[in-house]
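K.L.:
This is the structure, below, for whatever I ask next.
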Amino acid sequence: MRTIYLDNNATTAVDPQVVEAMMPFLVEYYGNPSSMHEFGGNVANAIEKAREQVASSLGATHPTEIVFTSCGTESDNTAIRSALGSRKNRHRLITTRVEHPAVLTLARHLERDGYKVTYLPVDGDGNVSLDLLEEEMDEDVALVSMMAANNETGVIFPVEKAGRIAHEHGALFHTDAVQTMGKVALDLGGGNIDLLSISGHKVHAPKGVGALYVRRGCRFRPFLLGGHQERGRRGGTENVPGIVALGKAAQLSQAHMDEEGTRVRALRDRLEKSLLAMPDTRLNGDVDRRLPGTTNISFKNVEGEALLLMLDRKGICASSGSACTSGTLEPSHVLRAMGVPFHFAHGSLRFSLCRVNTDEEVDSVIEALPPIIERLREISLFKD
Amino acid sequence: MAWNYTDLVKQHFFQPKNVGVLNDADGTGKVGSIACGDALMLTIKVDKENNTIEDARFQTFGCGSAIASSSILTEMIKGKTFNDALKITNQEIAGALGGLPPEKMHCSVMGREALEAAIADYRGETTGPEEEEDEGRIVCNCFGITEGKIRKVVEENNLRTVEDVTNYTKAGGGCGSCIDEIETILEEFSEAKPEQSQKQHKPKSPKLTNLQRISLIQEILDNEVRPILQKDNGDLELVDIDGLAVSIRMVGQCSGCRAAGLTTSWIEDKLKEIVDPAITLDVVEEGA
C-alpha cells in the first residue's frame with residue numbers, strides 16, 4: 001500500500017538533493033571543523049557555506065546572524081533564555097496561549113523561577129490581537145515571543161508588527177518560525193525581529209538540526225556552554241552532515257516558495273472545500289491568514305484517534321488535536337484557546353501538504369474520508 | 001503517538017460487534033462525557049426468569065481502544081447471568097482483546113462501569129451522587145474521579161504508580177494537582193493498612209466536580225434554554241466551560257438580536273441559581 005503523507009507540519013521527507021549534499025560528510029569528510037589541519041578545515045568551510053545558504057534564504061543581512069542548533073526546541077530555549085538573561089532588570093515575558101510546547105513549557109517553567117508570564121489569547125479564528133499586545137506592554141517586559149504561524153491551524157501571526165510594538169517598549173522580540181520557513185517570507189531587514197527559530201526536519205532536511213537567527217547587535221547569551229564552536233554561541237561539536245543538509249534544504253525551500261503559494265495552496269483548497277461539504281464540519285482557523293498547505297477541520301461527534309486509525313489503514317497520514325492523540329488526556333490547547341466546542345475539538349483532523357504532494361493523493365483522501373466519518377458517526381452515541 | 005494495538009483490538013475497532021441501541025432495552029448504562037473525550041452507552045435486554053443478559057448493544061464516542069473495549073464487552077456479557085457478568089473485571093476486558101496499551105486501560109474501566117450502570121438501571125437502582133456517597137470525595141477535579149474509584153481500581157488491578165492510576169482512571173492526567181493525593185493513596189496500599197485509610201475519609205463535599213458541573217450546565221442549556229430560543233428560530237452553542245466561566249455563542253435569530261442582552265442575563269441567572277452563584281457567562285461573537 002502506498003503511503004499518502006499529509007502530515008508535513010509534523011515532519012517532512014528528506015529531499016534527495018539534500019541527502020546527496022550531506023552524504024559526503026557522513027562518509028569521506030569526517031574531520032572536526034575545529035581542527036587545525038586542512039582535513040578539518042574543509043569541513044569548517046562547508047559549515048560556513050551552509051550558514052550563508054540559511055542566512056540568504058531567511059533574508060538575514062549577514063551569515064554570522066545564524067547559529068546552528070540541534071532542533072527547533074533548542075533554538076526556542078536558547079532565544080528565550082538569552083533574551084531574559086540580557087535584560088536582567090526586566091521580569092516579564094509575553095507570549096501566546098497557542099505556542100508550541102517548546103515555548104509554552106519553558107514559559108511555565110520560568111513562572112516558577114519568578115518571571116511574570118502573560119499568555120495572549122486568540123479569537124475564534126485563532127488570531128492574536130496586536131491591540132491586546134500593546135495594552136500588555138510596559139517597561140518590565142523583557143521579551144515578546146510569538147510564533148510566526150501556528151502548527152495546528154496554520155494561522156499566520158503579524159510578527160513584524162508585534163516586533164515593532166515590543167521594540168517601542170524596549171523589549172526584545174523572538175519568533176518561532178519553524179512552520180513558516182519556505183512557505184511565508186518574513187521581513188528580517190526591517191529589524192523588528194531579534195531572534196528567530198527554525199528546524200531542519202520541517203523543511204526537508206533530516207531531524208537533529210535547527211538554527212537560530214540572532215539579529216546583529218542583539219545581545220546574546222549562549223544556552224549550551226562548552227567549546228568555541230559557533231563563535232562561542234553554542235558549545236558542542238557541530239552536527240556537520242545535518243548543518244550541510246539544512247543549508248541545502250534552506251536553499252531549496254526558497255526556490256520552492258512560489259510553488260507552495262500556488263500549487264500546494266490549490267491542492268489544500270480543493271481538499272478543504274471537498275471535506276467541508278460534508279455535514280457537521282467546521283474549519284478551525286482564519287481562512288484568509290493561513291499557511292498555504294495546512295487545513296484543520298473538525299468533524300462533529302467523532303473522535304480524532306479513531307479517525308486517524310481508519311485513515312491509517314488506507315495509508316493516509318494526518319494528525320488530530322483530540323485528547324487521545326495529544327498525550328495529555330485533554331484536547332489540543334490551540335483548539336481550546338480558540339473556543340472550539342468539545343464535540344468538535346475531539347474530532348479535529350489536520351492535513352498539512354507540501355511540495356511533494358500530488359492531485360492523486362488529494363483525490364484519495366476525498367474518496368476515503370466520507371465513509372469513515374459516516375461509520376464513526378454510526379458508532380458514536382452523540383448524534384446531534 | 002501511534003499505539004501498538006493488538007490484532008484483536010484492531011478487529012473489534014474496524015469491525016465492531018453489536019453496534020446500536022436496543023429499542024426494547026431493559027437496562028441502559030451511560031458513562032463518560034463529550035468533555036472527557038470518551039463516552040459509552042450500553043443497552044441490555046434481560047431474560048427475566050433467569051436473570052440473564054440476552055442481548056447487548058453499544059454506542060461509543062471515543063478512540064480505537066474505547067470502541068474495541070465496548071465491542072468485546074457486549075460479546076463477553078451476552079448469555080451471562082448478572083452475577084457472572086458482574087464478575088468480569090476490567091483486566092478481563094483488556095485481556096479478551098489480547099491486552100491494551102497501559103495508557104489505554106481506562107477504556108476497559110469505562111466498559112466495566114457501563115455494565116454496572118446498565119444492570120443497576122435494570123434493577124431500578126440509582127447511580128446518582130447518593131449511591132456513590134460511600135465512594136468518597138473527588139480527588140481529580142479535571143476528570144471528576146473520586147477517591148473511592150481510585151481505591152477500587154488500585155486494589156483490583158494492583159496498581160503501584162501514579163502513571164498507572166492515570167492510565168486506568170485518567171486521574172492525574174489533567175492539571176496534575178492531585179498527584180500528591182494519588183501518591184498518598186498508593187502509599188497506603190503499599191503499606192497495606194486499609195483500616196487506617198478508612199479513617200482518613202473526609203466527609204463528602206457538596207461542591208460539584210468539574211465533570212458534574214459541566215454535565216449540569218449542558219443539561220440546563222439543552223433542556224431549559226435552547227428549546228425556548230429555538231421557538232424564536234434562534235439557538236446557542238456551548239463554546240467552553242473553564243471552571244466557573246461559561247462561554248456560549250448565540251446563533252440564528254439570537255445572533256445580533258436586540259434583546260440578546262436580556263436573553264443572556266436570563267441564562268446567566270438560571271445557571272447561577274441552579275449550578276453555582278459564582279458562574280459567569282461570556283457571549284462569544286458569532287463567527288469569532
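Values in this text are rule-based calculations from the coordinates and carry no lab data. Note that the structure is a prediction, hence the values are computed from the model and not measured. Using ideal geometry, Cβ is built from the backbone for each residue, glycine included, and neighbour counts are taken over all protein chains shown.
K.L.:
Calculate how steeply helix A:159-168 sits against the longest principal axis of the alpha-carbon atoms of chain A, using the helix alpha-carbon long axis, and give the answer as 0 to 90 degrees to the nearest 10.
P.N.:
50
K.L.:
Follow-up question, since we're still on this one. DSSP loop trypsin sites (Lys or Arg not before Pro) in the stretch B:90-127 with at most 15 other Cβ atoms within 10 Å of their Cβ, which ones?
P.N.:
The qualifying sites are B:Arg123.
K.L.:
Moving on to the next point. Suppose R0 equals 35 Å. What FRET efficiency, 1/(1 + (r/R0)^6) with r the Cβ-Cβ distance, do A:Tyr119 and B:Leu216 give to the nearest 0.05?
P.N.:
In this case the efficiency is close to 0.75.
K.L.:
Under 5 Å between amide hydrogens, which residues at least 5 positions from B:Asp282 or on another chain qualify, with H placed 1.01 Å from N in the peptide plane?
P.N.:
B:Val246, B:Ser247, B:Ile248
K.L.:
While we're looking at this one, here's another question. Relative contact order, percent, of the stretch B:212-263 when contacts are C-alpha pairs under 8 Å separated by at least 6 residues?
P.N.:
Reported as a whole number, the value is 27 percent.
K.L.:
Pulled fully out, how much extra length does the chain show between A:Glu367 and A:Met36, if you take 0.36 nm times their separation in residues and subtract their Cα-Cα distance?
P.N.:
113.2 nm
K.L.:
To continue, here is another question. Counting only DSSP beta bridges with both residues in the stretch A:173-316, tell me the antiparallel percent, nearest 5.
P.N.:
If I count the DSSP bridges inside the stretch A:173-316, around 75 percent turn out antiparallel.
K.L.:
Mind listing the long-range amide H neighbours of B:Leu236? Cut-off is under 5 Å, sequence gap 5 or more, other chains count too, H placed in the peptide plane at 1.01 Å from N.
P.N.:
When sequence neighbours closer than 5 places are left aside, the close amide H contacts are B:Val251.
K.L.:
On to the next question. Listing A:His167, A:His204 from the residue with the fewest other Cβ atoms within 10 Å to the one with the most, what is the order?
P.N.:
By the 10 Å Cβ count, ascending, the order reads A:His167, A:His204.
K.L.:
Also, I was wondering about something else. Compute the Cα gyration tensor for chain A, then decide on rounded, prolate or oblate, letting a ≥ b ≥ c be the square roots of its eigenvalues: rounded whenever a/c is under 1.5, prolate when a/b is larger than b/c in the other cases, and oblate in all that remain.
P.N.:
Judged from the Cα gyration tensor, chain A comes out oblate (a/c at least 1.5, b/c at or above a/b).
K.L.:
Moving to a separate point now. Please give the Cα centre distance for the stretch A:347-384 versus the stretch A:40-67, rounded to the nearest Å.
P.N.:
The stretch A:347-384 and the stretch A:40-67 have Cα centres separated by 41 Å.
K.L.:
Tell me what chain A gives for mean residue ellipticity at 222 nm when only DSSP H runs of n ≥ 4 count, each as -39,500 (n - 2.57), the sum divided by the residue total, rounded to 500 deg cm²/dmol.
P.N.:
That comes out to -11500 deg cm²/dmol.
K.L.:
Would the stretch B:211-254 count as rounded, prolate or oblate if I go by the C-alpha gyration tensor, calling it rounded below 1.5 in a/c and otherwise prolate when a/b exceeds b/c, oblate otherwise?
P.N.:
Judged from the Cα gyration tensor, the stretch B:211-254 comes out oblate (a/c at least 1.5, b/c at or above a/b).
K.L.:
How would the stretch A:203-250 be classified by its alpha-carbon gyration tensor: rounded, prolate or oblate, with rounded meaning a/c under 1.5 and the a/b versus b/c comparison settling the rest?
P.N.:
oblate
K.L.:
Can you put B:Thr161, A:Thr12, A:Thr73 in order of Cβ neighbours within 10 angstrom, beginning with the fewest?
P.N.:
Ordered from fewest to most neighbouring Cβ atoms within 10 Å, B:Thr161, A:Thr12, A:Thr73 come out as B:Thr161, A:Thr73, A:Thr12.
K.L.:
Still on this structure: Ignore the peptide's own chain and count Cβ atoms of other chains within 10 Å of each Cβ in B:26-38; give me the average, rounded.
P.N.:
Per residue, the number of nearby Cβ atoms from other chains is 4 on average.
K.L.:
A follow-up question, please. Cα-Cα over 32 Å: which of A:Lys314/B:Lys87; A:Lys383/B:Lys270; B:Lys87/B:Lys272; B:Lys45/B:Lys152?
P.N.:
Checking Cα-Cα distances, A:Lys314/B:Lys87; B:Lys87/B:Lys272 exceed 32 Å.
K.L.:
Right, something else. Between the stretch B:1-24 and the stretch A:273-290, how far is it from one alpha carbon centroid to the other, in angstrom?
P.N.:
Spelled out, the Cα-based centre of one part sits 29 Å from the other.
K.L.:
Calculate how steeply helix B:179-191 sits against the longest principal axis of the alpha-carbon atoms of chain B, using the helix alpha-carbon long axis, and give the answer as 0 to 90 degrees to the nearest 10.
P.N.:
Value to nearest ten degrees: 20.
K.L.:
So for B:Leu221, A:Leu58, fewest C-beta neighbours within 10 Å to most, what's the order?
P.N.:
Placing the least packed residue first, the sequence is B:Leu221, A:Leu58.
K.L.:
Compute the acute angle (0 to 90°) between the alpha-carbon long axis of helix A:304-313 and the principal axis of greatest extent of the alpha-carbon atoms of chain A; round to the nearest 10°.
P.N.:
With rounding to tens, the tilt is 90 degrees.
K.L.:
Can you say what percent of the DSSP beta bridges in the protein assembly as shown, counting only those with both residues inside, are antiparallel? Round to 5.
P.N.:
Among the beta bridges of the protein assembly as shown, antiparallel pairing accounts for roughly 65 percent.
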